[in-house]
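Here's the structure, in structure tokens; my notes come after.
The values are calculated or read from the model by the stated rules, or taken from the named source; none is laboratory data. Because the structure is a prediction, the values reported are computed rather than measured. Note that we place each Cβ from the backbone using ideal geometry, even for glycine, and neighbour counts take in every protein chain shown. For accessibility, only protein heavy atoms count, side chains too; no ligands or nucleic acids. Shrake-Rupley method; radii C 1.70, N 1.55, O 1.52, S 1.80 Å.
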Amino acid sequence: MGECRDVRGDLAGAGPDAFLASLADDFRGREGVRTWHSLGYELSLSAQHLPGGHVELTRVIQEPAPHETWRSGITTGSAAGEGMRRLAVETGAFPAPTDG
């Protein structure tokens, strides 16, 4: 696994939609794991570009601090280019394409 890189500074406090949009824009890949999390860490996202043009995206939700007694996460794979762009569209990061 590569170096972990926190992108909060890069995205200037932007939400998860900006994080997903940045993944779609970087379809050629990047080294390491990129992460985003909400202010209280209730939601965190991490992504890693894999060989073959794929992105592994992990989503974790957890009970807010100070309790943090439960945590749940899921990891899925997606195509780096169009697959990440579709995910970004579905979450509102990009406007949906129009026909014509």
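A quick yes/no check of all residues on (1) among the hydrophobic types (A, V, I, L, M, F, W, C); (2) modelled with pLDDT of 85 or more:
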| residue | (1), (2) |
| --- | --- |
| L57 | yes, yes |
| A65 | yes, no |
| R71 | no, yes |
| M84 | yes, no |
| E90 | no, no |
| P97 | no, no |
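Suppose we filter the range 17-30 for residues that are surrounded by fewer than 19 Cβ atoms within 10 Å (Cβ to Cβ) and either assigned to a helix (DSSP H, G or I) or in contact with a Ser or Thr (Cβ under 9 Å, 6 or more places away or on another chain) (or both); how many remain?
To start, the set of residues in the range 17-30 that are surrounded by fewer than 19 Cβ atoms within 10 Å (Cβ to Cβ) comprises 17-18, 25-30.
Applying the additional criterion that residues be either assigned to a helix (DSSP H, G or I) or in contact with a Ser or Thr (Cβ under 9 Å, 6 or more places away or on another chain) (or both) yields 17-18, 25.
So the answer is 3.
Output the residue which, of all residues in the range 77-92 that are out of contact with any Leu (no Cβ under 7 Å at 6 or more places or on another chain) and within 13 Å of E56 (Cβ to Cβ), is most open to solvent (accessible area, probe 1.4 Å).
As a first pass, look at the range 77-92 and keep what is out of contact with any Leu (no Cβ under 7 Å at 6 or more places or on another chain): 77, 79-83, 85-86, 89-90, 92.
After this cut, where a residue has to be within 13 Å of E56 (Cβ to Cβ) as well, the list is 77, 79-80, 83.
Values: G77: 68, A79: 47, A80: 4, G83: 7 Å².
Only one residue fits best here, namely G77.
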R5 fails exactly one of the following numbered conditions: (1) at pLDDT 80 or above; (2) in a strand (DSSP E or B). What is the number of that condition?
(1)
Flagged in the range 53-69 as within 13 Å of Y41 (Cβ to Cβ) and either open to solvent by less than 70 Å² (accessible area, probe 1.4 Å) or not in a strand (DSSP E or B) (or both), in numbering order, are V60, Q62, E63, P64, A65, P66, H67, E68
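Criterion first (touching a strand residue (DSSP E or B) at 6+ places or on another chain (Cβ under 9 Å) and farther than 11 Å from M84 by Cα) does E63 satisfy it? Give the steps one after another, and end with the answer.
Working: touching a strand residue (DSSP E or B) at 6+ places or on another chain (Cβ under 9 Å): yes; farther than 11 Å from M84 by Cα: yes.
For E63, the condition - touching a strand residue (DSSP E or B) at 6+ places or on another chain (Cβ under 9 Å) and farther than 11 Å from M84 by Cα - is met.
Per-residue answers, yes or no, for (1) closer than 13 Å to L20 by Cα; (2) charged (D, E, K, R):
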{"position": "Y41", "(1), (2)": "no, no"}
{"position": "S44", "(1), (2)": "yes, no"}
{"position": "Q48", "(1), (2)": "yes, no"}
{"position": "P51", "(1), (2)": "no, no"}
{"position": "E56", "(1), (2)": "yes, yes"}
{"position": "V60", "(1), (2)": "no, no"}
{"position": "H67", "(1), (2)": "no, no"}
{"position": "W70", "(1), (2)": "no, no"}
{"position": "G77", "(1), (2)": "no, no"}
Under the condition of being in contact with an Asp or Glu (Cβ under 9 Å, 6 or more places away or on another chain) and open to solvent by less than 30 Å² (accessible area, probe 1.4 Å), which residue from the range 36-45 is farthest from A88 (Cα to Cα)?
H37
